[in-house]
Amino acid sequence: PDPGAPRVAQFKAFVDEHAQREGLVLISHEAFSQYLPERVDMAELADFLAPFEDARVVFTVREQPGYVQSIWMQRSKKSDNVAKLDAYIERTINTGFANGLHADFNHLYDRVVAGFGADRVSVLTYDALSAHQDGPFGAFLDFLGVDEPADSFADLKDIKQSNISPSPLHFELARRATAPTPTCFGLVEMAIKAMKINGPTSLLTRDQRAR
């Protein structure tokens, strides 16, 4: 990117400030896994982080069908509630990208390793993070070797309840009921009460999941 761009300058200022301090700095953002329409140059990112004594990447992945439908629900909740589900899934399978994000984790992993080196990249699974008694945040603390319990962070008391998506099938029913207007949590709750299902649901067919 243009070194003079405001966001690049802000990021550089952030690094320059915090690299001089003691302690651990954790930077997390979905943009790091974005590929379209604009992607992060991992080698350049590594250079930006050079002022830190040590910079490492924690690469988290989840099972792909769940990841693909999670992106669909997130997009639908925010604004785009006119797209067709089947068209989105087929496009994702055929291109390897879901709303500009890598759906093929191998490609993203290769990009990260090319920029930082394999010895500076660790892989964690979403299932393992979610299974931790204190949720993903607690799992990260353990991984990073932080002795403080997750609930000792006053501003993160409810962190273990974060990043929980509604039942995909119930969400899709609510979405279609309000399209093209984005749906709401209350309507999803109504769908859950109206159609009780034991176990997880999926928006992908068996054939789509296999592909």
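Throughout, read-outs are computed from the coordinates displayed, never taken from laboratory work. Source: prediction; values computed, not measured. Backbone-built Cβ (ideal geometry, glycine too); neighbour counts: all protein chains shown.
Only DSSP H runs of four or more residues enter the estimate; each adds -39500 (n - 2.57), and after division by the residues of the chain the mean residue ellipticity at 222 nm equals -14000 deg cm²/dmol. With N the number of residues in the chain, Rg(Cα) / (2.2 N^0.38 Å) evaluates to 1.16. Rounded to the nearest 20, the Cβ-based charge dipole of the chain about its Cα centre (Lys and Arg +1, Asp and Glu -1) stands at 1260 debye. Applying 1/(1 + (r/R0)^6) with r as the Cβ-Cβ distance of Arg206 and Phe11 and R0 = 41 angstrom yields a FRET efficiency of 0.40.
Place a label point 7 angstrom from the Cα of Ala19 along the Cα-to-Cβ direction, then list the residues of segment 43-65 whose backbone nitrogen is under 11 Å away. So the set is 46-55.
Computed about the Cα centre, the dipole magnitude for segment 33-111 is approximately 480 debye when only Lys and Arg (+1) and Asp and Glu (-1) carry charge, each at its Cβ. Where both bridge residues fall in the chain, DSSP classifies roughly 40% of the beta bridges as antiparallel.
How large is the Kirkwood hydrodynamic radius of segment 1-94, counting all unique pairs of alpha carbons, in Å?
16.2
How big is the shadow of the Cα convex hull of segment 1-56, averaged over all directions, in nm²? Can you show the working numbers first?
Working: hull surface 16.3 nm².
Averaging across all directions leaves 4.1 nm² for the Cα convex hull.
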